[in-house]
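Data block below; observations after.
The values are calculated or read from the model by the stated rules, or taken from the named source; none is laboratory data. Note that this is a predicted model, so its numbers are computed, not measured. FYI the Cβ positions are ideal-geometry reconstructions off the backbone, even for glycines, and counts take in every protein chain you see. With ligands, DNA and RNA removed, areas are computed over all heavy atoms of the protein, side chains included. Shrake-Rupley method; radii C 1.70, N 1.55, O 1.52, S 1.80 Å.
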Amino acid sequence: GQQVMQIPQYQHVQEGEDFTTYCNSSTTLSNIQWYKQRPGGHPVFLIQLVKSGEVKKQKRLTFQFGEAKKNSSLHITATQTTDVGTYFCAVPRGQLTFGSGTQLTVLP
Amino acid sequence: EAGVAQSPRYKIIEKRQSVAFWCNPISGHATLYWYQQILGQGPKLLIQFQNNGVVDDSQLPKDRFSAERLKGVDSTLKIQPAKLEDSAVYLCASRTGTVGDYGYTFGSGTRLTVV
């Protein structure tokens, strides 16, 4: 089946530093979604990418979809303590299949 | 717009007991999902409903798990009998299912502990 690998599993950054998480698929994706889950919370939809090479921005968050539509990244510029949580990519595999997530810790 | 409502928030049961979770999706959302999220992992789909019909239950352990959405609105997920490995957060999600509606809206989940 379609597998999606997400790296890194954990990331600790100092507040103000940048952060990037990557999602890689062995097969071409029709689209990819990103979610954020705060500690003790539930996943919250952030964005969907559809087009090859697509780049979308939400304030300090930049989402990219690879040219081959096999990988995607989420980059946060100048992290803040409010960015703490686990970031998941999710891909359509029949139904929506979530990656294992990257847990971000921001040290004040 | 009200969110996806789930209850209870927490449940502790002994193994071999039964438990039920309830979900009320956002009004008008035809598609409803139940996900299981084990600590440290991403959510894993258990079952998808479109209105009151099952679309995908291929990953539902049917020997112990069951789910229904009789009137196409709220839904219940039941586990009988529970095993220790069923300890997880059970998330309900919904979306309209129409073209252009991408993201899933999740409820706060039910945290199940089986002891």
Mind checking which residues of segment A:69-94 are without any contact (Cβ under 8 Å) to a residue 60 or more places away in the chain, away from chain B (no Cβ under 14 Å) and more than 11 Å from the chain's Cα centre (by Cα)?
A:Lys69, A:Lys70, A:Thr77, A:Thr82, A:Val84
For residues in segment A:16-26 being loosely packed, with under 13 Cβ neighbours inside 10 Å and at negative phi, which is nearest to the chain's Cα centre (by Cα)?
A:Asp18
Applying the selection to segment B:44-58, what residues are part of a strand (DSSP E or B), within 12 Å of another protein chain (Cβ to nearest Cβ) and not aliphatic (A, V, I, L, M)?
B:Lys44, B:Gln48, B:Phe49, B:Gln50, B:Asp56
Out of the residues in segment B:26-51 that are open to solvent by 70 Å² or more (accessible area, probe 1.4 Å) and touching a strand residue (DSSP E or B) at 6+ places or on another chain (Cβ under 8 Å), which is modelled with the lowest pLDDT?
B:Gln50
Would you point out which residue out of A:Thr97, A:Thr21 is within 14 Å of another protein chain (Cβ to nearest Cβ), within 26 Å of B:Tyr35 (Cβ to Cβ), touching a Phe, Trp or Tyr at 6+ places or on another chain (Cβ under 6 Å) and part of a strand (DSSP E or B)?
A:Thr21
Residue set B:Ser108, B:Ser94, B:Ser75, B:Ser66; condition open to solvent by 10 Å² or more (accessible area, probe 1.4 Å) and closer than 25 Å to B:Ala2 by Cβ; output residue B:Ser108
In segment A:28-46, residues that are surrounded by fewer than 19 Cβ atoms within 10 Å (Cβ to Cβ), in a strand (DSSP E or B) and in contact (Cβ under 8 Å) with a residue 12 or more places away in the chain total 2
